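One structure is given below, encoded as structure tokens.
The values are calculated or read from the model by the stated rules, or taken from the named source; none is laboratory data. As the structure is a computational prediction, the values presented were derived from the model and not from experiment. Here Cβ is always computed from backbone atoms with ideal geometry, including for glycine, and neighbour counts include all displayed protein chains.
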Amino acid sequence: MDAVQCAYAASGAQENANGDTFMARSGLENVSAQNHLRGSYSLIASGPNDLEPGLMRAGFWNYLREDITVALMEKRNLMIELNDQQPPLLDGEGDSANYISYILGRVINSCLHKDGEPLDQREWDSLKEELDSWKTSLPSSFEPIITPGLHGDSRFPSVWNTSKWHTASLQYYHTAMTILCLAEPVPHAINTLQHIERMKSIEANLEYHAIQVCALAISSHSAPVWVNSFGPISFCGPWLRQPEMLEELAAELEKWGARTGWPVSSIVKSLIKASD
């Protein structure tokens, strides 16, 4: 069984390269196997706070990102347990990529646990505030570039970034927002008409975040970006409401799967099912 292969990294031993490290592919025929994650779990389960800087801490971020990918594809909580303590960060843009990975991981564990309790309003507000704070603290270099018509007849907006890990960070943000949108506590007293309006608002938000996740991947020509997109697309893609978008995304996934060697059939099937 192959270990996770990183597509590129400025230096595997430097923490400021963690955000610049992506999975290029997994050697797994079945993403649910995750044998290499299980074998390494005991080394990283304590989280980044208890790990020495260098390869061990860099390994934590890499394993967390793969755990996120598989959890999103299987719609379950992570194997890694994450506490509420903010991970140690350096001064640099790479920290933003690591931190949003940590926030998304906590959102997944809070909302996608099979036997978990629904979030109460205080828990939901806390996670939402953390996401909002992350977004507002981003340097201007994270802002996506909008270039209408860049990809010809694509039904998705042409939004792209100059950095691969900026793209992944924004996809993680939109994925976390999607999960929180679904997990938002329902008001105790709500009539039928209010419920209808609430459902319309939820569907519109889900579609917006799905479009952003998918557009960032489609506008990229990077295999590492595509692979890092598989988890977010698997979870968010089915919320697209236009059949033409779902068909275009399925075709792109088939292309990315052929180029990267990643098994994408389960993601494509979920999109086809959503378009029926």
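Per-structure values
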item: Which numbered condition E207 fails, given (1) among the charged types (D, E, K, R); (2) modelled with pLDDT of 95 or more; (3) out of contact with any helix residue (DSSP H, G or I) (no Cβ under 7 Å at 6 or more places or on another chain); result: (3)
item: Which numbered condition I190 misses (of (1) over 23 Å from Y102 (Cα atoms); (2) assigned to a helix (DSSP H, G or I)); result: (2)
item: Qualifying residue in region 142-158 (condition: within 22 Å of N98 (Cβ to Cβ), more than 17 Å from the chain's Cα centre (by Cα) and without any contact (Cβ under 8 Å) to a residue 60 or more places away in the chain); result: yes
item: Meets criteria (outside any helix (DSSP H, G or I) and closer than 22 Å to W134 by Cα) for T162; result: yes
item: Residue check, A250 farther than 15 Å from T175 by Cβ, in contact with a Leu (Cβ under 7 Å, 6 or more places away or on another chain), at pLDDT 95 or above and in a helix (DSSP H, G or I); result: yes
item: Residue match in region 97-108 (condition: more than 15 Å from A168 (Cα to Cα), at pLDDT 90 or above and buried (at least 21 other Cβ atoms within 10 Å of the Cβ)); result: yes
item: Members of region 164-195 that are surrounded by fewer than 17 Cβ atoms within 10 Å (Cβ to Cβ) and either free of Cβ contacts under 8 Å to residues at least 24 places away in the same chain or within 15 Å of V225 (Cα to Cα) (or both); result: V186, P187, H188, A189, I190, N191, T192, L193, Q194, H195
item: Residue match in region 207-223 (condition: part of a helix (DSSP H, G or I), touching a residue at least 40 places away in the same chain (Cβ under 8 Å), charged (D, E, K, R) and farther than 21 Å from N161 by Cβ); result: no
item: Positions within region 234-269 being under 13 Å from V213 (Cβ atoms) and of a type in the set (S, T, N, Q), in sequence order; result: S234
item: Output for region 109-119, where each listed residue is farther than 13 Å from A176 by Cα and either at pLDDT 95 or above or not charged (D, E, K, R) (or both); result: H113, G116, P118, L119
item: Residue within region 229-245 that is at pLDDT 95 or above, assigned to a helix (DSSP H, G or I) and closer than 11 Å to T167 by Cα present; result: yes
item: Condition met for T175 (under 19 Å from the mean Cα position of the chain (by Cα) and under 28 Å from E247 (Cβ atoms)); result: yes
